[in-house]
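Student: Before I ask anything, let me first share the structure, which is written out below as structure tokens.
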Amino acid sequence: QVQLVESGGGLVQAGGSLRLSCAASGRTFSNYAMAWFRQAQGEEREFVAAVSRNGVNTYYANSVKGRFTISRDNAKNTVYLQMNSLKPEDTAVYYCAADFGGNGASDRQKYEDWGQGTQVTVSS
């Protein structure tokens, strides 16, 4: 099991930027594909972005492609989500998730470990 702690959320105006971080501890971080999901109030949790274990391959939901960038630093046991050109519809709680031995799936069922989430609010 790996423990995940997200940070970097907050309130931002539309068009602004935020950078989320997720610090991992416990098992070997580089053995995990990592992803970000988000859940708006009253909605299902949805896939945002994922990165492979070595950081080479990245995957994005269509709704964020071209605006968000996922990356990881295995030396720091941290995954990031750079969010640019934010829109009010990006408002949600953002969760970091880990998939042991995975390759960066968009299916939330493949992720065993989850953080507590960080709130992102985009005002219009």
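The values are calculated or read from the model by the stated rules, or taken from the named source; none is laboratory data. Since the structure is predicted, the reported quantities are computational estimates derived from the model, not experimental observations. Glycine gets a Cβ as well: all are built from the backbone with ideal geometry, and neighbour counts include every protein chain shown. Ligands, DNA and RNA are excluded from the accessible area calculation, which covers all protein heavy atoms including side chains. Shrake-Rupley method; radii C 1.70, N 1.55, O 1.52, S 1.80 Å.
Student: Quick check: net charge around N84, other residues with Cβ under 14 Å of its Cβ, Lys/Arg +1 and Asp/Glu -1?
Tutor: Spelling it out: positives minus negatives among the neighbours equals +3.
Student: May I pose another question? Evaluate the distance, in nm, between pseudo-label points positioned 7 Å from the Cα of T28 and of V5 along their respective Cα→Cβ axes.
Tutor: Modelled inter-label distance: 2.4 nm.
Student: Convex hull over the Cα atoms of the range 39-124, averaged projected area in nm²?
Tutor: Hull-based average projected area comes out at 5.9 nm².
Student: What accessible area per residue comes out for the chain, rounded to a whole number of Å², with a 1.4 Å probe?
Tutor: Per residue, the chain has an accessible area of 50 Å².
Student: Enumerate the calculated ³J(HN,Hα) couplings along the range 102-112 in order (Karplus 6.51 cos²θ - 1.76 cosθ + 1.60, θ = phi - 60°), each rounded to whole Hz, writing x wherever the residue is Gly or Pro.
Tutor: Result, ordered by residue: x, 10, x, 6, 9, 7, 5, 5, 7, 9, 8 Hz.
Student: Let me ask something else. For the chain, which whole-number percentage of the solvent-accessible area (1.4 Å probe, protein heavy atoms only) is attributable to carbon and sulfur atoms?
Tutor: Roughly 42 percent, rounded to a whole number.
Student: Let me check I've understood the local charge: for V122, count other residues with C-beta under 9 angstrom from its C-beta, Lys and Arg +1, Asp and Glu -1. What total comes out?
Tutor: Counting the neighbours of V122, the net charge comes to -1.
Student: Next question. Roughly how many nanometres apart are two label points built 7 Å out from the Cα toward the Cβ at Q116 and D73?
Tutor: 2.3
Student: Which value in nm describes the separation of the simple spin-label points at A40 and N103, placed 7 Å from the Cα toward the beta carbon?
Tutor: Calculated label separation equals 3.1 nm.
Student: Just the Kirkwood number for the range 1-83, please: inverse of mean 1/r across all distinct Cα pairs, in Å, one decimal.
Tutor: 13.5
Student: Tell me, what ³J(HN,Hα) does each residue in the range 75-81 have, in order and in whole Hz, if you take phi through Karplus 6.51 cos²θ - 1.76 cosθ + 1.60 with θ = phi - 60° and put x for Gly and Pro?
Tutor: For the range 75-81, the Karplus curve yields 6, 9, 6, 9, 10, 10, 9 Hz.
Student: For V48, what residues show an amide H to amide H distance below 5 Å, using hydrogens built from the backbone and excluding near sequence neighbours?
Tutor: Amide H neighbours of V48: W36, F37, R38.
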